[in-house]
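Derivation of every value follows stated rules applied to the coordinates shown; laboratory data play no part. In this text the structure is predicted, and so the values were computed from the model without any measurement. Heads up, the Cβs are rebuilt from the backbone with ideal geometry, glycines too, and the neighbour counts pull from every protein chain shown.
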Number of protein chains: 2
Amino acid sequence: MANWFSRKPRRIEVPRLRSRNEDVATTKVDLHEFTPEIMTFLGRAAYVQLTQFENLSRAISSAPSTAAKTAIGRAAELSLSKHRMLVDEITRAGGTPADVMEPSTADVDRFERATHGADWFETLVTCYLTAGFLDDFFARLAIGLPAEPARHIATIYAGESGEAVLAGLLEEAIEANPRLASRLAMWGRRLVGDTMLVARASLQYSENHKSDEARIEPVFTELIAAHTRRMDALGLTA
Amino acid sequence: MANWFSRKPRRIEVPRLRSRNEDVATTKVDLHEFTPEIMTFLGRAAYVQLTQFENLSRAISSAPSTAAKTAIGRAAELSLSKHRMLVDEITRAGGTPADVMEPSTADVDRFERATHGADWFETLVTCYLTAGFLDDFFARLAIGLPAEPARHIATIYAGESGEAVLAGLLEEAIEANPRLASRLAMWGRRLVGDTMLVARASLQYSENHKSDEARIEPVFTELIAAHTRRMDALGLTA
């Protein structure tokens, strides 16, 4: 059984802040050219995190066992703590959290409905895959914020996550019922589209769409590769 | 508007551990004579706390505004953190959390269904009133545990709670719609019965039921008085 309560920090691939002498060839691609102004960034990141928590809380309510409930509880606590820290950043930057989140609610709620899942297993896959993708995305987008908030946000996303808990539960479920694998693999592939949409809608584009696309593409290639690795970890080969 | 994010510790009325020279007349009544063995206590306390979190997460999903969602999020985070600390105590005492919680699931789930509430306002009243009552109850029952776990549990229940957050949201809702008050007052009174039932079922009785009742009664009188004060604080006079 996976050690669900391990306190090990998450091995998230957060790109470091760029320094002028850095060897660009070895730097992970980030999205600093597309970072919106700070309130827009924070409102969106905080509301997406709240949605991730709501998915987790649905997974708790519909969990088939007390063991699963309490294990997902840890993931939900970590997600709520991230949400609160992002909300604290909004306050620190002089904003009113609900007002700053409001512009994101319509399309993030739409994303939430689209990725709901038909049952507990699909909901859990949603929690596991979209949180991994979006936390990674917002960490890369935060690089373009002013130095101090950028550092705070990097710390928030580098913190412990519930990923291992969710992967452990899904592994168990698939082991107990191997026929789940193909359905969950299909669901995992379907999630990529909606997750990319909500991520892309968080970018601040320039006037030159064509050159934007050329620079955005490699980042999404990496994000999708990480998504595929998360699926591979469960044996859900894409 | 209430300061929902205040970090002030909760003013919970936790009775101190009894010392032999203590002036009994001034001591708050506790339930140390009725404390079950530690695993039974912890399993029940942890599962009740998980149920409180589930109520809070329903209140988040059905909240009418982003401001309410994020405010309740703080209460949910605190509740999950209490649940996790109780689960950690189970592990520390050598138990497997899910197994230790299992005997409590049937009647606590029944309690949860009975106190569900018909809409967001009633759910929120449930969160506010039953968490106040049950945290207070388990804090008093923990006094009868061996000294070290008793101290840990006292610290857990003395920690920050979401009570002020929930009271603030309810005050606002009643102010905006005064006709809510009589319905919520009725709901608050109805909750006492089910909450007392689930609390009483957590006690370890002796053979002498009559003498048990005489010693339990004053504690429940205090718990109900605190419940009434919580209702009074919202203007929901019982």
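Let me spell out the model: positive unit charges on the Cβ of Lys and Arg, negative unit charges on the Cβ of Asp and Glu, origin at the Cα centre of the protein assembly as shown. What dipole size does that give, in debye rounded to 20? Don't jump to the answer; show the numbers that get you there.
Details: 56 positive and 64 negative charges, 57 e Å.
So the magnitude is around 280 debye.
Please give the calculated 222 nm ellipticity per residue for chain B, where each DSSP H segment of at least 4 residues contributes -39500 (n - 2.57) and the sum is spread over every residue; nearest 500 deg cm²/dmol?
On the way: 8 runs with 164 residues, N = 238.
That calculation yields -24000 deg cm²/dmol at 222 nm.
From Cα pairs below 8 angstrom and at least 6 apart in sequence, can you work out the relative contact order of segment B:31-233, rounded to a whole percent? Before the final figure, lay out each step's value.
Values: 215 pairs, mean separation 63.4, N = 203.
Reported relative contact order: 31 percent.
Going by average Cβ density within 10 Å per residue, which order do the peptides B:94-107, A:61-74 take, highest to lowest? Intermediate results must be reported in sequence, preceding the final value.
On the way: B:94-107: 17.4, A:61-74: 20.2.
Averaged packing, sorted descending, gives the order A:61-74, B:94-107.
Rank B:THR115, B:LEU42, B:GLY144 by how far each Cα sits towards the positive end of the charge dipole of chain B (+1 on Lys, Arg Cβ; -1 on Asp, Glu Cβ) and give me just the farthest.
My answer, from the dipole projection, is B:THR115.
In chain A, which residue puts its Cβ closest to the axis that turns chain A onto chain B, and how many whole Å away is it?
Chain A residue with minimal Cβ-axis distance: A:SER57, 2.
From other protein chains only, count the Cβ atoms within 10 Å of every residue's Cβ in B:50-62, then give the mean.
Values: counts 5, 1, 0, 7, 5, 0, 1, 9, 3, 0, 5, 5, 0.
Mean partner shielding for this stretch: 3.
Please list B:207-213, A:129-135, A:198-204 highest first by mean number of surrounding beta-carbon atoms within 10 Å per residue. Write down the numbers at each step before the final one.
Working: B:207-213: 10.0, A:129-135: 24.4, A:198-204: 18.1.
The densest-packed peptide leads the list: A:129-135, A:198-204, B:207-213.
Would you mind checking the tilt of helix A:147-158 against the longest principal axis of the Cα atoms of chain A, expressed as 0 to 90 degrees and rounded to 10?
Helix A:147-158 sits at roughly 10 degrees to that axis.
Measuring nothing but label to label, 7 Å from Cα along Cα→Cβ, what are A:GLU172's distances to the other copies in nm, shortest first?
Distances between equivalent label points, in nm: 3.8.
Within 13 Å, Cβ to Cβ, of A:LEU129, how many net charges do the neighbouring residues add up to if Lys/Arg are +1 and Asp/Glu are -1? Show your work: numbers first, answer last.
Details: positive: A:ARG189, A:ARG190, A:ARG229, A:ARG230; negative: A:GLU122, A:ASP135, A:ASP136, A:GLU163, A:ASP194, A:ASP232.
After counting each charged neighbour, the total is -2.
Tell me the net charge near B:ARG189. Cut-off is 13 Å between Cβ atoms, B:ARG189 excluded, with +1 for each Lys or Arg and -1 for each Asp or Glu. Intermediate values should be presented prior to the final figure.
Working: positive: B:ARG183, B:ARG190, B:ARG230; negative: B:GLU122, B:ASP194, B:ASP232.
Around B:ARG189, the charge tally is 0.
State the Kirkwood hydrodynamic radius of segment A:88-158 in Å, one decimal place, computed from all pairs of distinct Cα atoms.
Working: mean 1/r = 0.0712 Å⁻¹.
The Cα-based Kirkwood calculation yields 14.0 Å.
How would you order B:144-150, A:227-233 from highest to lowest mean count of nearby Cβ atoms within 10 Å? Please list the in-between numbers first.
Values: B:144-150: 14.7, A:227-233: 17.0.
For the peptides B:144-150, A:227-233, the packing ranking is A:227-233, B:144-150.
Which whole-Hz couplings ³J(HN,Hα) result when phi for each residue of segment A:84-94 is put into the Karplus expression 6.51 cos²θ - 1.76 cosθ + 1.60, θ = phi - 60°, listed in order with x for Gly and Pro?
Along segment A:84-94, the couplings run 5, 5, 5, 5, 4, 5, 4, 4, 4, 7, x Hz.
Using θ = phi - 60° and the Karplus form 6.51 cos²θ - 1.76 cosθ + 1.60, what ³J(HN,Hα) does each residue of segment A:220-231 get, whole Hz, x for Gly and Pro?
5, 4, 5, 4, 6, 4, 5, 4, 5, 4, 5, 5
For segment B:31-233, what is the largest minus smallest coordinate of the Cα atoms on each principal axis, given in angstrom and ordered from greatest to least?
Projected onto its principal axes, the Cα set of segment B:31-233 covers 50, 36, 27 Å.
Residue by residue through A:76-88, how many Cβ atoms from other chains fall within 10 Å of the Cβ on average?
Working: counts 6, 9, 2, 3, 12, 5, 0, 6, 5, 0, 1, 5, 1.
Average per residue, whole number: 4.
Quantify how much of the Cα-Cα distance distribution of segment A:46-90 extends past 15 Å, in percent. Please report the intermediate quantities before stating the final value.
Details: 394 of 990 pairs.
Looking at segment A:46-90, the distances longer than 15 Å represent 40 percent of pairs.
At q = 0.08, 0.11 Å⁻¹, what log₁₀ I(q)/I(0) does the protein assembly as shown have when each alpha carbon counts as one equal point scatterer in the Debye sum?
Evaluating at q = 0.08, 0.11 Å⁻¹ gives log10 I(q)/I(0) of -0.52, -0.93.
Restricting to lysines 8 or more places apart or on different chains, can you count the pairs in chain A with Cα atoms under 28 Å from each other?
Lysine pairs meeting both conditions in chain A amount to 6.
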